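All remarks here apply to the structure that follows.
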Amino acid sequence: MLYVSNAMMMRILRRGRRPHDDEFVAYYAARAGHLRNTAFLLCGDWHLAEDLTQTVFTKLYRAWGRIDRHDVLDQYARRVLLRAFLDERRRPWRRERPTPDDEVLDASVPDQRGVEDRQVLKRALLRIPKGRRAVLVLRFWADLSVEQVADVLGCSTGTVKSQTARGLDNLREVLGDTLEDLRPTSPGGLQ
């Protein structure tokens, strides 16, 4: 999919004005970065995250005139993002397997502990099943309630709760001994 920068998107939208374009442009400017970060947590690839984000905004733009409740746009956008992510995973070329990580090339700078922790969590998150990963990202990254996640995923709150518990168990299993290293220490040095 072709990458369209924020500036290019703004120029495209200004050319052929529709009645609600200013609202859409404002929403795009305010939420594109957050939606892209959410997409990255789902897929673990910045390029695919860009593609997914553009898919979401393309679909959102096409439906913009029909959307009555603009107060729930974030929820709608997350639902479209999740569906786009799940659809993308079904495509044949996505079944290719990446080359295993090379520890020498992926070594982090020792002084940047926060970055290293995020990389460890990201890699662990990518190793759990995508449905559970989606629940964890929506619950803990997007900070949605159980009910909101159930609505986005189109399932019951019980399913969200069980998938959250199983996803956290999977994450603990994948992290293993690394989990203790990731726990923050309090100012007094106690955990």
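Across the stretch 158-168, in residue order, what do the Karplus-derived ³J(HN,Hα) couplings come to in whole Hz, using 6.51 cos²θ - 1.76 cosθ + 1.60 with θ = phi - 60° and x for Gly and Pro?
x, 5, 4, 5, 5, 5, 5, 4, 5, x, 5
Once the other residues with Cβ under 13 Å from the Cβ of A142 are scored (Lys, Arg +1; Asp, Glu -1), what is the net sum? Write out the running numbers ahead of the final one.
Values: positive: R31, R36, R78, R79, R133, R139; negative: D74, D143, D151.
Local charge sum for A142: +3.
Please enumerate, by chain and number, the lysines with C-alpha under 18 Å from the C-alpha of K130, excluding those fewer than 8 residues away in the same chain.
K122, K161
Taking all protein chains together and a probe of 1.4 Å, list V174, V80 from the most accessible to the least accessible. Could the numbers behind the result be given before it?
Details: V174 45, V80 20 Å².
I get V174, V80, largest accessible area first.
The values are calculated or read from the model by the stated rules, or taken from the named source; none is laboratory data. Keep in mind it's a predicted model, so treat the numbers as computed, not measured. Don't worry about glycine lacking a Cβ; one is built from the backbone with ideal geometry, like all the others, and counts go over all protein chains shown. These area figures cover heavy atoms from the full protein model, side chains too; ligands, DNA and RNA do not enter into them. Shrake-Rupley method; radii C 1.70, N 1.55, O 1.52, S 1.80 Å.
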